[in-house]
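Some notes on the structure that comes next.
Readers should treat all values here as calculations from the given coordinates under stated rules, not as data from a laboratory. Nothing here was measured: the structure is a model prediction, and the numbers come from that model. Heads up, the Cβs are rebuilt from the backbone with ideal geometry, glycines too, and the neighbour counts pull from every protein chain shown.
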Amino acid sequence: MTTWKDFADLKAARKLEELARSPYNLARPDSLPPERIAEYKASACGFDLLYAAQRINDSVLAALQELADEAGLLEQYEAMRRGAVMNRIVGHASEERQVLHTACRDVFSDAPLAPEATAQAEEQLARLKSFLADVDSGAVCNEQGETFTTMLQVGIGGSDLGPRALYLALEKYRLPGRKAAFIANVDPDDAAAVLAGLDLSRTLINVVSKSGSTLETRTNEELARAALAEAGLNPARHLVAVTGAGSPMDDPAKYLASFHMHDYIGGRYSATSMVGGVTLGFALGYDAFIELLRGAHEMDKAAEEQDIRSNLPLLMALLGIWNRNFLGCNTVAVLPYSQALLRFPAHLQQCDMESNGKQVSRLGSPVTWKTGPIVWGEPGTNGQHAFYQLLHQGAEIVPAEFIGFRRSQHGRDITVNGTTSQQKLVANMLAQSLAMAQGREHDNPNKCFSGNRPSSVLIGEQLTPYAMGALLALYENRIALQGFCWNINSFDQEGVQLGKVLADRLLGAMAGVQELSPDAPESSLLKAAGMV
Ligand code: G6Q
């Protein structure tokens with residue numbers, strides 16, 4: 001396997017630093033000629049990436065290619081998919097795990113790269129298929145013999161964000177009479193509001209937790225069990241589990257059906273495992289879930305291409321690195337022009353920031369280069385009436401990633417003033433990219449747009465299960481490839497531990513089982529917050 005190299009030691013990084021002294025100026029009047037727009041376009045799995053509005057030229061692209069080659073990004077990507085232990089920090093205690101979420105969708109290959117993991121994924125898919133067939137036929141039903149209409153997924157973080165974002169994106173493809181709902185937070189008001197909207201007698205509750213010990217999820221499981229009991233329903237007929245083998249939740253006797261996720265699948269990369277599969281399969285149908293996996297698999301394959309101009313995930317990874325490390329941008333806005341992608345930025349926020357928000361290299365030393373940016377976003381055009389002011393005239397340069405589709409999902413539209421709503425949506429997206437790039441001069445400084453603000457447009461035909469799978473894998477792979485380049489471990493999340501430990505101490509004090517000195521900040525905080 002390629003030796004892991006520190007970002008600061010890459011020769012191509014020196015070249016890029018040099019090129020970053022005079023990056024392409026998008027605000028020049030002739031900055032976006034037709035040849036540039038046609039040439040700076042890459043395609044995969046039905047998506048086109050238009051990247052002429054990035055501050056790059058052929059020399060920058062050549063140096064980014066050298067960076068990718070020198071850091072061995074594709075070798076590392078292949079090693080990951082073949083089951084190398086990528087989740088580790090050399091010389092320090094770390095998770096020491098394989099990273100094999102891609103194996104969940106390698107089920108379409110004749111020769112899967114990680115055959116054992118893919119065989120396990122196939123086994124889980126077969127279980128899911130047969131469970132869903134029983135739900136469809138009514139063999140799995142409530143005590144009155146009625147079929148189930150709703151699946152409530154109870155899980156948090158990686159066990160919620162991806163599945164929820166994908167469900168919302170694909171709600172249009174719901175099976176007749178089926179829907180999904182979600183509870184993640186330990187906020188009792190959220191659970192109360194969600195439960196109030198459900199007919200529990202026709203609801204399957206899918207408790208999803210890889211560790212089987214997450215405070216929020218186990219608390220909400222108890223809350224759901226209590227709600228079932230209160231409604232006179234037998235939890236044994238309503239509860240389904242997805243968990244890690246051997247976890248405290250891995251107890252088939254307590255659930256109507258149990259599915260496994262394996263330790264080589266990280267929470268935030270688990271949407272294509274049973275973590276997403278059970279709820280998506282219930283609500284959209286097994287075939288739709290398979291289509292989603294197919295899209296993801298084909299994007300995984302597209303990421304094997306050596307030439308960065310033909311490899312969408314790698315190109316997006318490198319453009320992000322150019323903006324972050326060489327042009328000094330601290331954040332990235334992901335702006336879908338599709339309301340169905342409402343929660344996709346939130347999912348990416350976790351996937352990216354939990355993966356690449358790191359300051360120690362895989363060789364165990366503090367990094368001397370910037371790593372993951374702050375990722376955020378909301379659908380357009382709503383965002384245009386909100387925070388785009390800062391994107392166009394703020395003191396911070398925020399590279400934008402626009403995502404849109406040529407056709408709507410429902411195909412129900414209206415023509416007003418000669419254009420459909422879908423045309424208005426896409427026109428607005430393209431206009432925003434142009435406005436950020438070219439800006440506008442004006443005598444009044446307050447009406448002046450400096451321009452020269454980079455963005456890309458990712459456009460697909462229509463948001464289908466296949467397209468959603470491809471989009472998900474595009475970003476998952478982009479994030480992993482960036483982590484390889486920064487030489488950080490994108491697959492652990494030590495940074496979330498301290499808060500959990502301190503919350504446990506506070507809860508221990510509130511429950512009267514943890515002795516805290518009255519002078520400890522925990523005691524004073526509890527008092528000041530009026531909680532004791
Ligand atoms: C994701 C993280 C984290 C995790 C949740 C839920 O990569 O590990 O968001 O998914 O903490 O964990 P469980 O699935 O174990 O409940």
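Okay, here's what the table says:
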read-out	value
Relative intensity, log₁₀ I(q)/I(0), of the stretch 139-221 from a Debye sum that treats every alpha carbon as a point, q = 0.11, 0.19 Å⁻¹	-0.30, -0.89
Rounded if a/c under 1.5, otherwise prolate or oblate - the stretch 1-56, Cα gyration tensor axes	oblate
Residues with amide H under 5 Å from that of ALA27, placed H, sequence gap 5 or more	ASN452
Rh by Kirkwood over Cα pairs, then Stokes-Einstein D for the chain at 1.567 mPa s and 4 °C, µm²/s	53 µm²/s
Label point distance in nm, ALA229-VAL501, each placed 7 Å from Cα along Cα→Cβ	3.5 nm
Scattering profile of the stretch 62-131 at q = 0.12, 0.16, 0.22 Å⁻¹ [log10 I(q)/I(0), Debye over alpha-carbon scatterers]	-0.45, -0.69, -0.94
Percent RCO, i.e. relative contact order, over the stretch 359-471, from Cα pairs under 8 Å lying at least 6 residues apart	29 percent
Cβ-Cβ FRET estimate between LYS41 and SER517, R0 fixed at 45 Å, reported to 0.05	0.10
Stokes-Einstein diffusion coefficient of the stretch 335-440, Kirkwood radius over Cα pairs, 4 °C, 1.567 mPa s, in µm²/s	81 µm²/s
Sequence of VAL532, VAL107 once ranked by neighbouring C-beta atoms within 10 Å, starting from the fewest	VAL532, VAL107
Inverse mean reciprocal Cα-Cα distance (Kirkwood Rh) of the stretch 381-532, Å	20.7 Å
Overall form of the stretch 418-482 per C-alpha gyration tensor (a/c, 1.5; a/b vs b/c)	oblate
The stretch 216-228 - phi-based ³J(HN,Hα) in whole Hz, Karplus 6.51/-1.76/1.60, Gly and Pro as x	4, 5, 5, 5, 5, 5, 4, 4, 5, 4, 5, 5, 5
Relative exposure of LYS447, LYS210, LYS254, judged by other C-beta atoms within 10 Å (fewest first)	LYS447, LYS254, LYS210
Computed FRET value (nearest 0.05) for ASP48 with ALA111, which takes r as the C-beta separation and R₀ as 25 Å	0.25
Residues ASP190 and ALA528, FRET efficiency given R0 of 30 Å [Cβ-Cβ distance, rounded to 0.05]	0.70
Fully extended contour minus Cα-Cα distance, from ASP58 to THR420, at 0.36 nm per residue	126.6 nm
Ranking of CYS45, CYS485 by count of other Cβ atoms within 10 Å, fewest first	CYS45, CYS485
Cα-only Debye scattering, the stretch 484-532: base-10 log of I(q)/I(0) at q = 0.30 Å⁻¹	-1.15
